[in-house]
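Data first, discussion second: the structure below is written as structure tokens.
The values are calculated or read from the model by the stated rules, or taken from the named source; none is laboratory data. It should be emphasised that the depicted structure is a prediction, and the values quoted were computed from it without experimental measurement. Here the Cβ is made from the backbone with ideal geometry for all residues, glycine too, and neighbour counts use every protein chain on show.
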Amino acid sequence: MDVDELSDFSADFDSKPHPERDTTLANATLFMRNAIWWREFCHAVSIGDTGRLWEVMKTWIFTFAGSGNPYYCQYLLELYCNMKWEWHPELRDAILNNWLVNLKGRPGHFSEMDLMQEHHNFWLEDMAQHKGKEFDDDFYRKTLSLCVRDFLHLKDEMEETVELEERTKKHGEPHQDNELRAGMALLRLHEVNRRRPGRDHGFIAVDDFEEGYAVLGNKIPKFIVRTTVYRNIFGQDGPATALPNDMLADDDDWPTSARDEVDAAALFRPRNQDDPIEDETLVGQSQDD
């Protein structure tokens, strides 16, 4: 059987198990697809590629809709509409060019602009020490806020000037090599990533992307009506109209995620004492049937 035909068995999971369907492999493949999207997003952030960020965020419109996160979905949906139809190209490019920032000036050291602002806000409050000042005070705006990063690095520069050894400001994180080896050993022992027709451990992962596609089919008409009314709230495009009552509480009727919290250990059969333990140094290697 061609591997492309496996998708034919995913249409109706409520029926009796298909003798050729491998539900466990399908679950693992779905997880890897979602993980690849996340890895792509993280890598795009690090190298400063906002175009790749935006491509992943388009897919997340559907995954948020299908996973019971309507607010994130609506935010990204509105952002997509602004990017595609409402914003001037120069405004769109300006926003994309200011999503990420590289304070170190070295490749691979980009970070999110809003995350940088949150860090600076934290130190801004600490430096001001709340001496009866407001954030719109001249001392905040013209002195501290403009120089907060320089103040943070001033001590480091002074220590470097007198040739003191640089000290790390991070706590050491314990490695997870043992957990990784154990997890990979289980995957290899149960041959999770190898096709075994008819295998089913009693758990079917929900494809949030597919669920979101179905959900948005019913939500888009309401979204268009609501956002169109909000767009003309001040009457620039003619007399302002009131939002229909059935549109006001639209957030509450989004379906919750179909995913259930499942004990991962229960997905695999208990290992008997006589079961062989494979060499953990080989758990990351793949084998072909």
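I'm trying to understand the selection: among the residues of the range 61-75, which are of a type in the set (Phe, Trp, Tyr) and surrounded by 21 or more Cβ atoms within 10 Å (Cβ to Cβ)?
Passing the criteria: Phe62, Phe64.
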If Gly108 meets every condition in (1) under 30 Å from Lys219 (Cα atoms); (2) at pLDDT 90 or above apart from one, which number is that one? (1)
Write out, first by first residue and then by second, each pair whose Cβ atoms fall under 8 Å of each other, whose residues are 6+ apart or on separate chains, and whose first residue, in the range 187-213, is within 14 Å of Leu30 (Cα to Cα) and at pLDDT 90 or above while the second is of a type in the set (A, V, I, L, M) and assigned to a loop (DSSP other than H, G, I, E, B). Val206/Ala258; Glu211/Ala258
Go through Leu30, Leu6 for me and flag whichever is surrounded by 13 or more Cβ atoms within 10 Å (Cβ to Cβ), at pLDDT below 90 and either in contact with an Asp or Glu (Cβ under 8 Å, 6 or more places away or on another chain) or aromatic (Phe, Trp, Tyr) (or both). Leu6
